[in-house]
Amino acid sequence: QVQLVESGGGLVQPGGSLRVSCAASGSIFSIDRMAWYRQAPGEQRVLVASITSSDITNYADSVKGRFTLSRDNAKNTVSLQMNSLKPEDTAVYFCNADLDIMGWGIFRTYWGQGTQVTVSS
(Lines give C-alpha, C1' and ligand atoms only; values in the text may rest on other atoms or scores of the structure.)
Protein backbone atom coordinates (compact mmCIF):
# COMPACT_ATOMS: atom_id res chain seq x y z
CA GLN A 1 0.00 0.00 0.00
CA VAL A 2 1.39 3.35 -1.03
CA GLN A 3 1.30 6.03 1.59
CA LEU A 4 2.88 9.28 2.68
CA VAL A 5 3.82 9.48 6.34
CA GLU A 6 4.63 12.81 7.95
CA SER A 7 6.68 13.36 11.07
CA GLY A 8 8.22 16.19 13.07
CA GLY A 9 5.32 18.44 13.95
CA GLY A 10 4.90 19.89 17.40
CA LEU A 11 4.83 22.98 19.56
CA VAL A 12 7.47 25.68 19.20
CA GLN A 13 7.86 29.22 20.46
CA PRO A 14 7.76 32.20 18.09
CA GLY A 15 11.14 32.65 16.46
CA GLY A 16 11.95 28.99 16.86
CA SER A 17 12.61 26.28 14.31
CA LEU A 18 10.98 23.02 13.41
CA ARG A 19 11.54 20.43 10.73
CA VAL A 20 8.77 18.29 9.25
CA SER A 21 9.50 15.34 7.05
CA CYS A 22 7.50 13.07 4.81
CA ALA A 23 8.37 9.60 3.60
CA ALA A 24 6.69 7.90 0.67
CA SER A 25 6.47 4.15 1.13
CA GLY A 26 5.17 1.20 -0.82
CA SER A 27 5.66 0.13 -4.41
CA ILE A 28 6.73 3.34 -6.11
CA PHE A 29 8.37 3.54 -9.51
CA SER A 30 8.91 7.26 -9.67
CA ILE A 31 8.10 10.48 -7.83
CA ASP A 32 7.54 13.74 -9.62
CA ARG A 33 6.56 16.87 -7.72
CA MET A 34 6.57 16.85 -3.91
CA ALA A 35 5.10 19.57 -1.76
CA TRP A 36 3.88 20.73 1.62
CA TYR A 37 0.52 22.38 2.12
CA ARG A 38 -0.99 23.74 5.31
CA GLN A 39 -4.44 24.36 6.62
CA ALA A 40 -5.23 26.64 9.52
CA PRO A 41 -8.53 26.34 11.41
CA GLY A 42 -11.38 27.75 9.36
CA GLU A 43 -9.20 28.33 6.33
CA GLN A 44 -8.53 26.58 3.05
CA ARG A 45 -5.54 24.36 2.47
CA VAL A 46 -2.79 26.35 0.78
CA LEU A 47 0.55 25.58 -0.80
CA VAL A 48 3.58 26.24 1.38
CA ALA A 49 6.36 24.98 -0.87
CA SER A 50 6.94 22.55 -3.70
CA ILE A 51 9.91 20.88 -5.33
CA THR A 52 10.16 19.22 -8.71
CA SER A 53 12.09 16.07 -9.57
CA SER A 54 14.81 18.42 -10.83
CA ASP A 55 14.99 20.15 -7.43
CA ILE A 56 13.33 23.35 -8.60
CA THR A 57 11.61 24.87 -5.60
CA ASN A 58 8.69 27.22 -5.23
CA TYR A 59 7.64 28.96 -2.02
CA ALA A 60 4.61 30.87 -0.85
CA ASP A 61 5.46 34.52 -0.33
CA SER A 62 4.61 34.22 3.36
CA VAL A 63 7.43 31.72 3.98
CA LYS A 64 10.14 32.86 1.57
CA GLY A 65 13.44 33.34 3.34
CA ARG A 66 12.28 31.38 6.38
CA PHE A 67 11.41 27.92 5.10
CA THR A 68 13.61 25.58 3.07
CA LEU A 69 12.32 22.56 1.19
CA SER A 70 14.53 19.63 0.23
CA ARG A 71 14.12 16.09 -1.02
CA ASP A 72 16.10 12.89 -0.92
CA ASN A 73 15.26 10.86 -3.99
CA ALA A 74 17.13 7.80 -2.74
CA LYS A 75 14.93 7.69 0.37
CA ASN A 76 11.71 9.02 -1.21
CA THR A 77 11.52 11.76 1.38
CA VAL A 78 10.81 15.46 1.41
CA SER A 79 11.59 17.75 4.34
CA LEU A 80 10.58 21.26 5.24
CA GLN A 81 12.93 23.19 7.50
CA MET A 82 11.00 26.01 9.13
CA ASN A 83 12.91 28.84 10.79
CA SER A 84 11.81 32.10 12.39
CA LEU A 85 8.40 30.63 12.98
CA LYS A 86 5.46 32.94 13.61
CA PRO A 87 2.11 32.29 15.29
CA GLU A 88 0.48 32.63 11.87
CA ASP A 89 2.42 29.55 10.75
CA THR A 90 0.23 27.48 13.05
CA ALA A 91 -1.62 24.91 10.98
CA VAL A 92 -1.86 21.27 10.06
CA TYR A 93 0.85 20.58 7.52
CA PHE A 94 0.14 18.06 4.78
CA CYS A 95 2.62 16.28 2.58
CA ASN A 96 1.72 15.90 -1.09
CA ALA A 97 3.42 13.96 -3.85
CA ASP A 98 2.80 12.86 -7.42
CA LEU A 99 3.61 9.15 -7.62
CA ASP A 100 3.89 6.65 -10.44
CA ILE A 101 2.97 3.34 -8.82
CA MET A 102 2.51 1.29 -11.99
CA GLY A 103 5.63 2.15 -13.94
CA TRP A 104 3.59 3.57 -16.83
CA GLY A 105 4.66 7.18 -16.45
CA ILE A 106 1.23 8.11 -15.13
CA PHE A 107 1.35 10.09 -11.92
CA ARG A 108 -1.34 10.31 -9.30
CA THR A 109 -1.43 12.75 -6.40
CA TYR A 110 -1.22 11.35 -2.89
CA TRP A 111 -1.69 13.09 0.45
CA GLY A 112 -0.40 12.40 3.91
CA GLN A 113 -2.56 12.51 7.02
CA GLY A 114 -1.12 15.77 8.25
CA THR A 115 0.97 16.87 11.20
CA GLN A 116 0.14 19.68 13.59
CA VAL A 117 2.52 22.61 13.89
CA THR A 118 1.73 25.08 16.65
CA VAL A 119 3.69 28.28 17.17
CA SER A 120 2.88 29.78 20.51
CA SER A 121 4.53 31.18 23.61
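The values are calculated or read from the model by the stated rules, or taken from the named source; none is laboratory data. Computed from a predicted model, the values in this text were never measured in an experiment. Cβ placement follows ideal geometry from the backbone for every residue including glycine, while neighbour counts extend to all protein chains displayed. Only protein heavy atoms, including side chains, enter the accessible area calculation; ligands, DNA and RNA are left aside. Shrake-Rupley method; radii C 1.70, N 1.55, O 1.52, S 1.80 Å.
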* Structure fact -> The condition from (1) surrounded by 15 or more Cβ atoms within 10 Å (Cβ to Cβ); (2) out of contact with any Pro (no Cβ under 7 Å at 6 or more places or on another chain) that residue 53 misses is numbered (1)
* To do: Could you tell me whether the range 100-109 includes any residue that is open to solvent by less than 40 Å² (accessible area, probe 1.4 Å) and aromatic (Phe, Trp, Tyr)?
  => no
* Output for the range 34-50, where each listed residue is surrounded by fewer than 17 Cβ atoms within 10 Å (Cβ to Cβ) and in a strand (DSSP E or B) -> 39, 46, 47
* Considering only the range 72-116, how many residues are part of a loop (DSSP other than H, G, I, E, B) and of a type in the set (S, T, N, Q)? -> 6
* Asked: Somewhere in the range 51-62, is a residue under 11 Å from the mean Cα position of the chain (by Cα), at pLDDT 95 or above and in a loop (DSSP other than H, G, I, E, B)?
  -> no
